[in-house]
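Working notes for the structure below.
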Amino acid sequence: MPKGFVVIDKERCKGCGLCVAACPFGVLAITSELNPYGYAVAGVIAPEKCTGCAMCAQMCPDVAIEVYRAVKEGV
Amino acid sequence: MSVTEVKVPAGYVPVYTKPKSLSEARFTYCPGCHHGIITRLVAEAIDELGIQERTVGIAPVGCAVFLSDFFRCDFVQAAHGRACAVATGIKRANPDLIVFSYQGDGDLAAIGTAETVHAANRGENITVIFVNNQIYGMTGGEMAPTTLPGMRTVTTPEGRDVRTTGYPLRMSEMLAQLDGPSYITRQAVFDVRHVQMAKKAIIKAFKNQIEGKGFSLVEIVAACPTNLRVSPVEGNKWVVEQALKYFPLGDLKVRD
Ligand SMILES: Cc1ncc(C[n+]2csc(CCOP(=O)(O)OP(=O)(O)O)c2C)c(N)n1
Ligand code: SF4
Ligand code: SF4
Ligand code: SF4
Ligand SMILES: [Mg+2]
């Protein structure tokens, strides 16, 4: 079980890519999925690498990312 | 909301969720706009200080004009540049309220220069969030007093010529010379470390008001990727490589 887990609000996301650039572990990418506003949204491409550091959420200008952390490691 | 479609697995606890003083409304800013980060930081500061119920924001004319939709607290939308004057009136009429203005550089440093300078000089007990993106963002990218020398805008297609339009106006340095203000600082949000520093500064600027210390202003050197015509990631680079040359970061005045 990975240390971190992120939830991206696809309605809020505008596909700016700042989270992708901020994530130190290559967890995120801009996908080809369009939201109702026409933005190609961010998605999780390497969930196993997420540490729950929340750097992505710190940089997100649209408050589109929620970050969760595992209570205990390696459960 | 699509969030509900994704189930958080058992065994995880939240470490970051949307601040509760923000509403469900999507921000109206462009993708990658630093206004979004700054708006969120103000909400986080309000949450952490537990002042949501007694906070009144003053929205500017500019891309942040719809702030009242984004926040779950009272708001007044001031005439262009007059936010510090409106904040003064509200704070003096009801000193128990926590009053902040949120203004762009066209708003605060061009049409509203006089209101800003005099509110600072009177040491009004208010908090000012000043988003300096070196441009009139909302109206389509015209030159602002803060526009960098040589910077192309729709009204300076050959680049800003300082011989005819002057130099980038450093409001924070000017205000720091006055006796009135208590706290003047310049921050940025181009990376996580600076986002965290900017948040600390915003919290301090609100705390000063709670403690009755007087006028506090946090300038944030920001990027408007749309009018720079660059990607959001390149907008961050622009701040570091260009804007900070004229607008160095750090505290300009701290009175304790
Ligand atoms: C009295 C008045 N004059 C001019 C305008 C047009 N106007 C709207 S926004 C704006 C400038 C906004 O620039 P800034 O304050 O830097 O905000 P930004 O959009 O860059 O965040 C101007 C001149 C107006 N709305 N009202
Ligand atoms: S930073 Fe936020 S808005 Fe930008 S792509 Fe990532 S989730 Fe979407
Ligand atoms: S929480 Fe950290 S590791 Fe996980 S996606 Fe966000 S930035 Fe990457
Ligand atoms: S025009 Fe510029 S300042 Fe306005 S919302 Fe778009 S990116 Fe932000
Ligand atoms: Mg501006």
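Points worth noting:
- Residues of the stretch A:1-21 that are in contact with a helix residue (DSSP H, G or I) (Cβ under 6 Å, 6 or more places away or on another chain), at the interface with chain B (Cβ under 9 Å from one of its Cβ atoms) and either part of a helix (DSSP H, G or I) or hydroxyl-bearing (Ser, Thr, Tyr) (or both): A:Leu18, A:Ala21.
- In the stretch A:22-36, the residue that is nearest to ligand 4 (Cβ to nearest atom) out of those that are at the interface with chain B (Cβ under 10 Å from one of its Cβ atoms) and in contact with a helix residue (DSSP H, G or I) (Cβ under 7 Å, 6 or more places away or on another chain) is A:Ala22.
- Flag if A:Gly52 is away from ligand 4 (no atom under 16 Å from the Cβ), within 9 Å of another protein chain (Cβ to nearest Cβ), farther than 25 Å from B:Cys224 by Cβ and open to solvent by less than 40 Å² (accessible area, probe 1.4 Å): yes
- Unmet criterion (only one of (1) over 24 Å from A:Cys16 (Cβ atoms); (2) among the hydrophobic types (A, V, I, L, M, F, W, C); (3) within 14 Å of chain A (Cβ to nearest Cβ)) for B:Phe75: (3)
- First in the stretch B:46-70 and more than 14 Å from chain A (Cβ to nearest Cβ) and closer than 20 Å to B:Cys84 by Cβ, second anywhere and of a type in the set (D, E, K, R) and within 11 Å of ligand 1 (Cβ to nearest atom), Cβ under 8 Å, 6 or more apart: B:Pro60/B:Asp107; B:Val61/B:Asp107; B:Gly62/B:Asp107
- Per-region count, the stretch B:98-152, residues in contact (Cβ under 8 Å) with a residue 40 or more places away in the chain, within 8 Å of ligand 1 (Cβ to nearest atom), of a type outside the set (A, V, I, L, M, F, W, C) and open to solvent by 30 Å² or more (accessible area, probe 1.4 Å): 1
- Scanning the stretch B:209-224 for residues that are within 16 Å of ligand 5 (Cβ to nearest atom) and touching a Phe, Trp or Tyr at 6+ places or on another chain (Cβ under 8 Å) yields a total of 6.
- Residue check, A:Ala42 of a type in the set (Gly, Ala, Ser), in contact with a Leu (Cβ under 8 Å, 6 or more places away or on another chain), under 26 Å from B:Lys20 (Cβ atoms) and more than 9 Å from ligand 3 (Cβ to nearest atom): yes
- For the stretch B:206-246, the candidate set comprises residues that are hydroxyl-bearing (Ser, Thr, Tyr) and surrounded by fewer than 22 Cβ atoms within 10 Å (Cβ to Cβ); within that set, the residue that is farthest from the chain's Cα centre (by Cα) is B:Ser231.
- Per the listing B:Ile203, B:Ile184, the residue uniquely in contact (Cβ under 8 Å) with a residue 24 or more places away in the chain, among the aliphatic types (A, V, I, L, M) and open to solvent by less than 10 Å² (accessible area, probe 1.4 Å) is B:Ile184.
- The residue of the stretch B:176-201 that is nearest to ligand 3 (Cβ to nearest atom), among those that are assigned to a helix (DSSP H, G or I) and away from chain A (no Cβ under 14 Å), is B:Ala201.
- Output for the stretch A:10-21, where each listed residue is away from ligand 4 (no atom under 16 Å from the Cβ) and surrounded by fewer than 23 Cβ atoms within 10 Å (Cβ to Cβ): A:Glu11, A:Val20, A:Ala21
- Residues within the stretch A:16-30 that are among the β-branched types (Val, Ile, Thr) and either out of contact with any strand residue (DSSP E or B) (no Cβ under 6 Å at 6 or more places or on another chain) or more than 21 Å from B:Phe27 (Cβ to Cβ) (or both), tallied: 1
- B:Ala87 fulfils the conditions (1) more than 20 Å from B:Ser172 (Cα to Cα); (2) of a type in the set (Gly, Ala, Ser); (3) open to solvent by less than 10 Å² (accessible area, probe 1.4 Å) except for a single criterion, (1).
- Residues that are under 16 Å from B:Ala83 (Cβ atoms) and of a type in the set (Asp, Glu), drawn from the stretch B:122-166: B:Glu124
The values are calculated or read from the model by the stated rules, or taken from the named source; none is laboratory data. Being a predicted model, the structure only gives us computed values, none of them experimental. Here Cβ is always computed from backbone atoms with ideal geometry, including for glycine, and neighbour counts include all displayed protein chains. Just the protein is used for accessible areas: all its heavy atoms, side chains included, with ligands, DNA and RNA removed. Shrake-Rupley method; radii C 1.70, N 1.55, O 1.52, S 1.80 Å.
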